[in-house]
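*Asks:* One structure is given below, represented as structure tokens, and several questions about it will come after.
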Number of protein chains: 2
Amino acid sequence: MAATIKQVAEIAGVSKATVSRVLNDSKPVRPETRERVLQAIKALDFQPNSTARSLVFKKSRTIGVVITDIANLFVSVLVKGIEKIAFNHGYNIIICNSHGSAEKEIELLLMLHNKQVDGIVFLTSRLKKEHKSFLREASVPISLVNVSYDESNLVGIRIDNSKAAYDITSYFLKKGFTRGGMIRAPLEDQYTGQERFDGYRQALQDHGVPFNEDFVKTGTLDARDGYRIGREIIKENLNLEALFVACDLMAFGTMKAIFDQGLKIPDDIEVAGFDDVPMSSYYHPSLTTVRQPIDKMGRLAAEMVINLIEGKKIDQWEIVLPHEIVLRDSTAKDAYKPLPTPE
Amino acid sequence: MAATIKQVAEIAGVSKATVSRVLNDSKPVRPETRERVLQAIKALDFQPNSTARSLVFKKSRTIGVVITDIANLFVSVLVKGIEKIAFNHGYNIIICNSHGSAEKEIELLLMLHNKQVDGIVFLTSRLKKEHKSFLREASVPISLVNVSYDESNLVGIRIDNSKAAYDITSYFLKKGFTRGGMIRAPLEDQYTGQERFDGYRQALQDHGVPFNEDFVKTGTLDARDGYRIGREIIKENLNLEALFVACDLMAFGTMKAIFDQGLKIPDDIEVAGFDDVPMSSYYHPSLTTVRQPIDKMGRLAAEMVINLIEGKKIDQWEIVLPHEIVLRDSTAKDAYKPLPTPE
DNA sequence: ATATTATAGGAAACCGGTTTCCCCATGTCA
DNA sequence: TGACATGGGGAAACCGGTTTCCTATAATAT
């Protein structure tokens, strides 16, 4: 059984208050007394009970993280960034998978809030009424990833998704392609999902290429669904020159389906993804994609929420990080460019 | 500011004790009193402070999870399984990345222990003295994943790694290959790393194929290092017929390097991995590998630790789950077998 | 030498719950 | 009608820390 401060006090022959003072050196303690206390602490291998401290301080040094699915590569890289910063600041993270269900998201947010987390990092792609009312009334700081929503005590971290989608689409259009399709996220995804689609459409329009709704499919952002849609696309004989897939993971599935139908990438069809997960350089062919600074997003999300927890002044409540088009082999029809050796 | 039980008691005109009784119906309360209390609870939107409850109950309903790296696919799938079960039982998980450093592992284990987690799931591939002394003295139940170590209050979840490596190596040997290499985990990996290597060697020996140490390379289980080693292998002109890579993620890097050197898989060299992460079916070519029931391992690890927390009797302290050789295109030199459509 | 000020450290209150202990008001039985 | 069991609910102790408040002693000033 773990030792308590009372036991330490007893064997050191002092009061609990003195032990506490030694632990936190919150008030001066005579060196010889301090020594006795330290001896006692060592003898009992005493560690202060952090639950009791949390109760007094009303701080748990814990950050709640609500994500869609930890097994998704984008998410796990993000969480890694969050954890790194949190740990460096002495915080732990509690992670909860919502599996994309809005009801579960709400449930998790309330649960974390009730569990006395000091702050929350919330990754989502849509905000329903219940989300908004939670965000409005929450008494802890929150970092919202991928969503822009203006509310006090909220910081937003994201990239410009519609511009990013516009850029990658334009890359295809500049090659002269007129039959470029897209696999988009489900319609409920009001933010990233919708924005990327908007960017795609806008690019078509600005380049004077008519929008063809047959060229657009909707998938659930995982490899399995990417595969399903990839097969569909090939079977429908749409003769696409290029395909922009809203997420790398799904793109892998789609490419696999294309290969399984006997076509070649990029020779028969060029493919681009979105995210630049680590795997994208190692797929064969390596995947052209839109790089989000995922690690940085995670770190910033954690840093911001910690700053808010610790009462620091925030001057920027919405952070839009730069994206980057990373050209690789999946769109290199003309010249085969081998992957630059990862350092 | 969140309401307290005292405020509820006041506006309901009862004592704190009565409110507590209503909340937990631990003792009968007159219906009309209960009603008044419930009204007050609703009026104040009162939620009992879980830190205070934890202090009384000496239970935090939290499980600590120490892993190497959440961005590793094997790990994130494992964690997903853990989280699922934990959530179903009303537990939260705190995750901590050790980045494979033994010192950090110890630090994290102690920290979690001190943070009053009710149990720990620990994924590691080696146990140093300090680990063992922690495991011996910890006052909370622990699930050890991937390691077999006999100690009270410890449950082990793993597959038979050496048999699994033996099986996949034998698959190559039965094809008549005599030049089959392996990329193994670092030497510090006493468990999974060493065991998989032992299985490889044993298979060679049992099939009368001499062991060639030039055919064995060591890598850090990530795609980047897999790439580095892949290049090395090709440059060394070892003329390997097959390559068994100790982890799928690393295998992807290795395959990429092989392609970048202008060789073909499986035509020029066959490759097999280990783990069967979801990505393995979607790589091109799909990867032959040893399937570990990762999700199940995570779920069992959580389930076991929860059973222990809740005082249930455990009859099996060491669980060795079955593995399975999954043959796919990366070893299908002879016949091209398209990927069976994922349902 | 006396008055004043620091300093060390103890007692007790507090954080927000749960639970034991006890009392009071009923209801039941003889 | 008196003795006794029963159920409801309040006061207080408790979980394990931190902090305020206060006192006794030592140090400094006059």
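*Asks:* Looking at the stretch A:101-111, can you tell me whether even one residue there is in a loop (DSSP other than H, G, I, E, B) and either outside the structural domain of A:LEU144 (by TED's automatic domain parsing) or away from DNA strand C (no atom under 16 Å from the Cβ) (or both)?
*Replies:* Filtering the stretch A:101-111 for residues in a loop (DSSP other than H, G, I, E, B) gives A:101.
Keeping just the survivors that are either outside the structural domain of A:LEU144 (by TED's automatic domain parsing) or away from DNA strand C (no atom under 16 Å from the Cβ) (or both) gives A:101.
Yes, because at least one residue in the stretch A:101-111 is in a loop (DSSP other than H, G, I, E, B) and either outside the structural domain of A:LEU144 (by TED's automatic domain parsing) or away from DNA strand C (no atom under 16 Å from the Cβ) (or both).
*Asks:* Only residues in the stretch A:33-53 that are under 15 Å from B:VAL117 (Cα atoms) count as the first member; pair them with residues that are away from DNA strand D (no atom under 11 Å from the Cβ), Cβ under 6 angstrom, at least 6 apart or cross-chain, and list the lot.
*Replies:* Taking only residues 6 or more apart or on different chains, the pairs are A:SER50/B:LYS115.
*Asks:* If you don't mind, there's one more thing I want to ask. Identify all residues within the stretch A:221-266 that are more than 12 Å from chain B (Cβ to nearest Cβ) and at positive phi; write none if there are none.
*Replies:* Matches in the stretch A:221-266: A:LEU221, A:ASN237, A:ASN239.
*Asks:* Looking only at the stretch B:81-99, count how many residues are farther than 14 Å from B:GLY298 by Cβ and either at pLDDT 95 or above or open to solvent by less than 30 Å² (accessible area, probe 1.4 Å) (or both). Break it down into steps so the answer makes sense when it comes.
*Replies:* Within the stretch B:81-99, the first condition is being farther than 14 Å from B:GLY298 by Cβ, and the residues that meet it are B:90, B:92, B:94, B:96-99.
Now drop any that are not either at pLDDT 95 or above or open to solvent by less than 30 Å² (accessible area, probe 1.4 Å) (or both), which leaves B:90, B:92, B:94, B:96-98.
Here the count works out to 6.
*Asks:* Kindly provide the set of residues from the stretch B:48-58 that are open to solvent by 100 Å² or more (accessible area, probe 1.4 Å) and within 7 Å of DNA strand C (Cβ to nearest atom), ordered by number.
*Replies:* As a first pass, look at the stretch B:48-58 and keep what is open to solvent by 100 Å² or more (accessible area, probe 1.4 Å): B:56-58.
Within the stretch B:48-58, B:VAL56, B:PHE57 qualify.
*Asks:* As an exercise: evaluate A:ARG61 against (1) near DNA strand D (Cβ under 7 Å from one of its atoms); (2) open to solvent by 40 Å² or more (accessible area, probe 1.4 Å); (3) closer than 22 Å to B:LYS59 by Cβ and give the number of the one condition it does not meet.
*Replies:* That leaves (1) as the condition not met.
*Asks:* Now, a different point. So how many residues does the stretch B:4-45 have that are near DNA strand C (Cβ under 7 Å from one of its atoms) and either touching a strand residue (DSSP E or B) at 6+ places or on another chain (Cβ under 9 Å) or within 14 Å of another protein chain (Cβ to nearest Cβ) (or both)?
*Replies:* Residues flagged as near DNA strand C (Cβ under 7 Å from one of its atoms) and either touching a strand residue (DSSP E or B) at 6+ places or on another chain (Cβ under 9 Å) or within 14 Å of another protein chain (Cβ to nearest Cβ) (or both) within the stretch B:4-45 amount to 3.
*Asks:* A further question on this structure: So, in the stretch B:46-86, exactly how many residues are part of a helix (DSSP H, G or I) and more than 7 Å from chain A (Cβ to nearest Cβ)? Working first, answer last.
*Replies:* So the first thing to find is which residues in the stretch B:46-86 are part of a helix (DSSP H, G or I), and the list is B:50-57, B:73-86.
Subsequent filtering for residues that are more than 7 Å from chain A (Cβ to nearest Cβ) retains B:53, B:56-57, B:73-75, B:78, B:81-82, B:84-86.
The number of residues fulfilling the criteria is 12.
*Asks:* Looking only at strands (runs of 3 or more DSSP E) that fall completely inside the stretch B:173-285, which ones have 3 or more residues that are open to solvent by less than 10 Å² (accessible area, probe 1.4 Å)?
*Replies:* Working: elements: B:180-184, B:216-218, B:242-245, B:270-272.
Result: B:180-184, B:242-245, B:270-272.
*Asks:* Would a scan of the stretch A:99-117 turn up a residue that is under 15 Å from the mean Cα position of the chain (by Cα) and facing another protein chain (nearest Cβ under 10 Å)?
*Replies:* Yes, because at least one residue in the stretch A:99-117 is under 15 Å from the mean Cα position of the chain (by Cα) and facing another protein chain (nearest Cβ under 10 Å).
*Asks:* Out of (1) open to solvent by 10 Å² or more (accessible area, probe 1.4 Å); (2) farther than 29 Å from A:ARG291 by Cα; (3) part of a helix (DSSP H, G or I), what's the single condition that is false for A:SER162?
*Replies:* Exception for A:SER162: condition (2).
*Asks:* Where residues in the stretch B:1-15 are within 8 Å of DNA strand D (Cβ to nearest atom) and open to solvent by less than 50 Å² (accessible area, probe 1.4 Å), which of them is nearest to B:PHE46 (Cα to Cα)?
*Replies:* The first filter runs over the stretch B:1-15 and keeps only residues within 8 Å of DNA strand D (Cβ to nearest atom), leaving B:9, B:13-15.
Restricting the remaining residues to those that are open to solvent by less than 50 Å² (accessible area, probe 1.4 Å) gives B:9, B:14.
Working: B:ALA9: 11, B:VAL14: 15 Å.
Among those that are within 8 Å of DNA strand D (Cβ to nearest atom) and open to solvent by less than 50 Å² (accessible area, probe 1.4 Å), it is B:ALA9.
*Asks:* Oh, and also: Take the residues of the stretch A:16-36 that are near DNA strand D (Cβ under 7 Å from one of its atoms) and surrounded by fewer than 16 Cβ atoms within 10 Å (Cβ to Cβ): which is nearest to the chain's Cα centre (by Cα)?
*Replies:* A:ASN24
*Asks:* Please specify each residue of the stretch B:128-145 satisfying the condition of being within 14 Å of another protein chain (Cβ to nearest Cβ) and open to solvent by less than 40 Å² (accessible area, probe 1.4 Å). Steps first, answer last, please.
*Replies:* Within the stretch B:128-145, the subset within 14 Å of another protein chain (Cβ to nearest Cβ) is B:133-134, B:136-140.
Answer for the stretch B:128-145, where residues must be within 14 Å of another protein chain (Cβ to nearest Cβ) and open to solvent by less than 40 Å² (accessible area, probe 1.4 Å): B:PHE134, B:ALA138, B:VAL140.
*Asks:* How many residues are over 26 Å from A:ASP260 (Cβ atoms), open to solvent by less than 30 Å² (accessible area, probe 1.4 Å) and within 14 Å of chain A (Cβ to nearest Cβ) if we restrict to the stretch B:294-308?
*Replies:* Result for the stretch B:294-308: 3.
*Asks:* Assess whether A:ARG291 counts as being touching an Asp or Glu at 6+ places or on another chain (Cβ under 9 Å), open to solvent by 20 Å² or more (accessible area, probe 1.4 Å) and among the charged types (D, E, K, R).
*Replies:* Numbers: touching an Asp or Glu at 6+ places or on another chain (Cβ under 9 Å): yes; open to solvent by 20 Å² or more (accessible area, probe 1.4 Å): yes; among the charged types (D, E, K, R): yes.
The answer is yes for A:ARG291.
*Asks:* Now for a separate question. Out of B:SER125, B:SER170, B:SER148, I need the residue that is outside any loop (DSSP other than H, G, I, E, B), of a type in the set (S, T, N, Q) and away from chain A (no Cβ under 14 Å). Which one? Outline the logic, then answer.
*Replies:* Values: B:SER125 fails: outside any loop (DSSP other than H, G, I, E, B); B:SER148 fails: outside any loop (DSSP other than H, G, I, E, B).
Exactly one residue qualifies, and that residue is B:SER170.
The values are calculated or read from the model by the stated rules, or taken from the named source; none is laboratory data. Computed from a predicted model, the values in this text were never measured in an experiment. Counting neighbours? That spans all protein chains shown, and the Cβs are built from the backbone with ideal geometry, glycine included. Remember, those area values only see protein heavy atoms, side chains included, never the ligands or the DNA or RNA. Shrake-Rupley method; radii C 1.70, N 1.55, O 1.52, S 1.80 Å.
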